4 protein chains.
Amino acid sequence: MPIPAPNLYPPFNIVRLSHVEYMVTDLAASRAFYVDTLGLQVTQEDDQRIYLRAMEERGHHCIVLVQADKAEVGVLGFKLFDDPDLDKAAEFFASRDLPVEWVDRPHMGRCLRTRDPWGIPLEFYVKMDRLEPIHQKYKLYNGVKPLRIDHFNMFSADVDASVAFYNDIGFRVTEYTADDESGKTWAAWMHRKGGVHDVAFTNGLGPRLHHTAFWVPTPLNIIDLLDLMSTTGYIDNIERGPGRHGISNAFFLYVRDPDGHRIEIYCSDYQTCDPDLEPIKWSLTDPQRQTLWGAAAPRSWFEEGSTFAGAETKPSALTAQPIIAP
Amino acid sequence: MPIPAPNLYPPFNIVRLSHVEYMVTDLAASRAFYVDTLGLQVTQEDDQRIYLRAMEERGHHCIVLVQADKAEVGVLGFKLFDDPDLDKAAEFFASRDLPVEWVDRPHMGRCLRTRDPWGIPLEFYVKMDRLEPIHQKYKLYNGVKPLRIDHFNMFSADVDASVAFYNDIGFRVTEYTADDESGKTWAAWMHRKGGVHDVAFTNGLGPRLHHTAFWVPTPLNIIDLLDLMSTTGYIDNIERGPGRHGISNAFFLYVRDPDGHRIEIYCSDYQTCDPDLEPIKWSLTDPQRQTLWGAAAPRSWFEEGSTFAGAETKPSALTAQPIIAP
Amino acid sequence: MPIPAPNLYPPFNIVRLSHVEYMVTDLAASRAFYVDTLGLQVTQEDDQRIYLRAMEERGHHCIVLVQADKAEVGVLGFKLFDDPDLDKAAEFFASRDLPVEWVDRPHMGRCLRTRDPWGIPLEFYVKMDRLEPIHQKYKLYNGVKPLRIDHFNMFSADVDASVAFYNDIGFRVTEYTADDESGKTWAAWMHRKGGVHDVAFTNGLGPRLHHTAFWVPTPLNIIDLLDLMSTTGYIDNIERGPGRHGISNAFFLYVRDPDGHRIEIYCSDYQTCDPDLEPIKWSLTDPQRQTLWGAAAPRSWFEEGSTFAGAETKPSALTAQPIIAP
Amino acid sequence: MPIPAPNLYPPFNIVRLSHVEYMVTDLAASRAFYVDTLGLQVTQEDDQRIYLRAMEERGHHCIVLVQADKAEVGVLGFKLFDDPDLDKAAEFFASRDLPVEWVDRPHMGRCLRTRDPWGIPLEFYVKMDRLEPIHQKYKLYNGVKPLRIDHFNMFSADVDASVAFYNDIGFRVTEYTADDESGKTWAAWMHRKGGVHDVAFTNGLGPRLHHTAFWVPTPLNIIDLLDLMSTTGYIDNIERGPGRHGISNAFFLYVRDPDGHRIEIYCSDYQTCDPDLEPIKWSLTDPQRQTLWGAAAPRSWFEEGSTFAGAETKPSALTAQPIIAP
């Protein structure tokens, strides 16, 4: 299907992606990974939960790690523009026969819990505790020196349908991959905040979270992390990269946390706030789509992902094959 | 005066700053500077005008160089969200007794020409010719490898009044400098597109354009430009830097074009799209405000600027003194 | 065999590796690669030969490209300390029953042509034309901005024997890979000029030249080259990398010229001038030896190389297997 | 006076500069500076002395901090090639009527203590305790991530005489500044190890140590240090930079330790091992000599330095004036 025209007047105003809740099976191991290795800052912790923020964020958290029996994703969080947007969002999801629930969440004001049509747990809020800036406290910087959460990438069993839904709520496509044979969309990148994406969808067993990405300013941050991980026992957690994506032009690295949740370190990006920005189309068979420099991604990168709590997965009908490293 | 609360529901929707028209006295000399040295790309030129864009921009131009007898600034351009915004903007400026004129501008659709209350010539549009992406044509990259226009910085004879006006049309303050003695605002940074600023105002003989800034990803771009300029006859065009501003946390360099128009090369920045982002206050007497590392700026940087065509300047009543290099 | 103790009092004083002569089948295609893409500077050229130097070199050339019917390596050149060293070198090679010939070479003074025991053509000289410094002519920098030739890496059918010979003439081992099973040396890095290597030997069908390396200061030079090559038709010339070697700690990229001659772009290195520097031993089965970050090299990297003019190759008796990408 | 021809056959073989002993008045404050801020690694410490090494060094120390009543420089250390060189050095200094003493120094083998003709305390050795490599222990890297000691820069009251003496013992001039009026040398850079310098001399009240320099690979290391120092209470310890020297082409930063000892962070450099390398001459009145980009150095940088224990200073007869920041 062709990419839909952007919905410039969505039913409610999503400012940006905000946070993700990861269920993890060994909180101490996750802390060593996210805090001591990636360099995220702890904003609160007890023996069940660790709240983290990146260096330029003033909201209370972008990741919540929750001790659990099973590694999965609790929820994806998004910030709305103002309080009426929360009610409009509730109305919208109700009108689509999707669950609507108002929940109490620590450090957050009114919070709407719902799911997308495929069961991805979502939460929307306007107010979250605001913290003092730390972006100029350079003594705190370590690991990959992550500046901010950048985007979520999800497996979808029907990317065209996912794009249509998220387009309806205002996400605009910046780049996409078409399967020339079937005419279907194999993957799409969609934004709210003016970068290449807040969310992306990739064809596959879905819904699952492919990765959460953090933004860093230069490829040297990524090289520093590679050097650190490869000499502190995390070599097997390095999955793919470094490289430059053709799509999005991003310099990237993919690493896996101790439970296998995938984290991208993402560098480059470009400004997309023009409402008339033309989406860039890539062919699934273009080897430079995945990596501008031509190296294929490993099979695990195409097949593995984190399930969402309470969402059943199903395979995609689209069986086109990307280029996988031998 | 205290910084006003942001106007989250402005009368019309400005997407971002867009372009500047520089009147220059020697078009060939300006071309050598902007194209061969800074690395901006020519999108059209004749013997009177050169249109330029930066590497990730798809709009037709971010700078227009116009051969003229006198070096000044023709207009500052801003992109609006949709067509009705143009009419709302016209209404707003008319309601403030400011000039409203619809003009024909090459490569642009409907275009509203007006002035702010101090005479700064402004133009607003929705559609500009869109060009093919070149951000992955790496062979074209040269000079400082500028990615996009980032912001305008203007001298104002009454910063509090300038902030109030631009706040009314939706620009939101991210950081500001207060003169503790008088209680007045000495400088302010205001954004629309989700970075630290689209426009900034600094106390001084106004209105004048202090500089136009271009965004680059790493300090090494700036060091490359310094090496290039200092060995190709442009050493006297280097005015200030490299350094890191306390305000905005930007790594910066200020250079002057052959007519003295000031260009900033700007690196770092941070995301500001949260509507509840708290402005950061700096004291005028904090030496780390100007430069985090403590070096003072030269006198020229505080005193020299480009006049706007048709706008009379007047001195500021606020005589507080910033820290100037001896 | 154990690595021999360094010969601190060699029979003649080699200062450093100096230059390589590549026979190429299409001089224009090679020029496009070495000059327009890598950024080496032409110091002289006609329709049969192109002489090149890197940005900080003052000697006349580090590469000579020679139009030929067959792509191979003409000679490896080394600079000696003083004129008597030339005669001592001649004496040494004669004493080993190796060929000794005094040849006229353009831009060079007295020049001794010989071969090592396996037929690698070598030339030694003291004086080469000296050119004006260009390292501060930043306008000339382009491509990967190569600063200097760094080392030669050769396939050897008997690395222990190669190490013994080059050790005799003063090269000192800095790092090496041992095949734990056979007790033989699989690869060795040996220096004269105070870095990790001027020459290296790797087990395989030999003698052949594995690659010539150029030094650049930061990984960003390498990323720039990757972006350039992948968007100017050279994507298939990218063979391996970017990555960091465990051995030598170098950040690397391997590319192939139009004839398949392999060029390494090499970054990092460390100072090795202490005569009591202890060689670092790596095990052939350590995956971090090849790439600190754990990625295996492609088969071509282990198997392909450039033959030397007039030298017959033979397979190695050592059949230990490095880790090859699947 | 003209620069002397290099002495290619010196009386003994100095491999490189090795270490400096700083007398400091508050060992804890110095530790906070050198270890926690610069990122040097402690190899041994007690309440009177701290031994430090940089990340790629295997010798036991490059700096010894010694608790003392007065801040000065205890000694400059140099590594010789072999044991006979020690005796040849003793002979040489005795022949010049300079003091010769064999001293016991912790972590070092035979050690010759002497002074140069102006009283600079020098020590020469061949063996120092060797430590395990840590250059790939990336978890240890912090601060400016210093890789190795690079050079000493000294004030001399007679630079021509200093150059002549150090030239006699094998240091070779790579670049120098001439006072065109008097014909005298104002400053000179001299090397042993194949970089721009191991030692340098600058006209002024001498002998005093101007600075000790540490090598880092990229300007970003220096920017990281500036950000760190300016936000951890060390802003007044930043004296000059960042900038690029015309001389040596180095990207530099000068900082002062808590006692005022000056440390340079030095990046770039180039290879100088060719015995026929032509020294580059700069004019004292060339503003790009000091800083390629044209910024003058502050007065303190020209006037302040660390005295050597037991050496009396005297003013220079050469009163030519460099360009000083107003």
How far is B:TRP102 from the same spot in each other copy, in nm, shortest first, if each label point sits 7 Å from Cα toward Cβ?
4.7, 9.0, 10.0
Of B:ALA89, B:ALA161, B:ALA28, the most mobile residue in a GNM of chain B (C-alpha springs, cutoff 10 Å) is B:ALA28
To the nearest 0.05, how large is the calculated FRET efficiency for B:ILE235 and D:SER182 if R₀ is 22 Å and r is the Cβ-Cβ distance?
0.25
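For B:LEU205 and B:ASP47, what is the calculated FRET efficiency with R₀ set at 30 Å and r taken between the beta-carbons, to the nearest 0.05? List each step's numbers first, then the result.
Values: r = 34 Å, r/R0 = 1.12.
For B:LEU205 and B:ASP47, the calculated efficiency is 0.35.
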Over segment D:148-307, what is the mean sequence separation of C-alpha contacts under 8 Å (at least six apart), divided by residue count, expressed as relative contact order in percent?
27 percent
Using each residue's phi in segment A:226-239, evaluate 6.51 cos²θ - 1.76 cosθ + 1.60 at θ = phi - 60° and report the 3J(HN,Hα) Karplus result to the nearest Hz, with x for Gly and Pro.
4, 4, 5, 4, 6, 10, 10, x, 10, 4, 6, 8, 8, 9
With all pairs of different alpha carbon atoms counted, what Kirkwood hydrodynamic radius in Å does segment B:34-74 show?
10.8 Å
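Can you list which of the chymotrypsin sites (Phe, Trp or Tyr not before Pro) found in segment C:132-219 are DSSP loop residues with at most 13 other C-beta atoms within 10 Å? Please report the intermediate quantities before stating the final value.
Details: sites: C:TYR138, C:TYR141, C:PHE152, C:PHE155, C:PHE165, C:TYR166, C:PHE171, C:TYR176, C:TRP186, C:TRP189, C:PHE201, C:PHE214, C:TRP215; in loops: C:TYR141, C:PHE171.
In loop regions of segment C:132-219 (DSSP not H, G, I, E or B), there are no sparsely surrounded chymotrypsin sites (Phe, Trp or Tyr not before Pro).
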Which of rounded, prolate or oblate describes segment A:257-303 when judged by the alpha-carbon gyration tensor and an a/c cut-off of 1.5?
oblate
Using Cα springs under 10 Å in a Gaussian network model of chain C, which residue among C:LEU38, C:LEU228, C:LEU52 shows the largest mean-square fluctuation?
C:LEU228
Okay, helix-only estimate at 222 nm for chain D: each DSSP H run of n ≥ 4 adds -39500 (n - 2.57), divide by all residues, round to 500 deg cm²/dmol; what do you get?
-4000 deg cm²/dmol
Placing a label point 7 Å from Cα toward Cβ, how far apart in nm is B:LYS314 from its equivalents in the other copies, listed shortest first to one decimal?
6.8, 7.1, 9.6
Using only the alpha-carbon atoms, what does chain A span along each of its principal axes? Please give whole angstrom values in decreasing order.
50, 49, 38
In sequence order, what are the phi-derived ³J(HN,Hα) couplings for segment C:198-210 according to the Karplus relation 6.51 cos²θ - 1.76 cosθ + 1.60 with θ = phi - 60°, rounded to whole Hz, with x for glycine and proline?
9, 9, 9, 10, 10, 4, x, 4, x, x, 9, 8, 6
Please list, by residue number, everything in segment C:1-37 whose backbone N is under 17 Å from a paramagnetic label point 7 Å out along Cα→Cβ of C:LYS88.
C:6-17
Which chain C residue comes nearest the axis with its C-beta when you rotate C onto B, and by how many angstrom?
C:LEU220, 3
Relative to the other copies, what are the label-point distances for D:ASP129, with labels 7 Å from Cα along the C-beta vector, expressed in nm at one decimal and sorted shortest first?
4.8, 5.5, 7.3
Residues whose built amide H sits under 5 Å from the amide H of B:VAL75, excluding neighbours closer than 5 in sequence, are B:GLU21
Full-extension gain between B:ASP36 and B:ARG96, please, as 0.36 nm times their residue separation minus the C-alpha to C-alpha distance.
17.3 nm
Mind checking B:258-268 for the average number of partner chain beta-carbons within 10 Å of each residue's beta-carbon?
1
List, in order, the whole-Hz ³J(HN,Hα) value for each residue of segment D:16-32 obtained from phi through the Karplus relation with A = 6.51, B = -1.76, C = 1.60 and θ = phi - 60°; use x for Gly and Pro.
5, 5, 10, 7, 9, 10, 9, 7, 10, 8, 8, 4, 5, 5, 5, 4, 4
Taking max minus min of the Cα coordinates of the protein assembly as shown on each principal axis, largest first, gives extents in Å of 92, 70, 67
Taking amide H positions as placed in the peptide plane 1.01 Å from N, state which residues far from A:LEU284 in sequence (5 or more) or on other chains have amide H under 5 Å from it.
A:ALA178, A:ASP180
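Rule-based calculations on the coordinates, nothing more; no lab input. None of the values given here were measured: they were computed from a predicted structure. Heads up, the Cβs are rebuilt from the backbone with ideal geometry, glycines too, and the neighbour counts pull from every protein chain shown.
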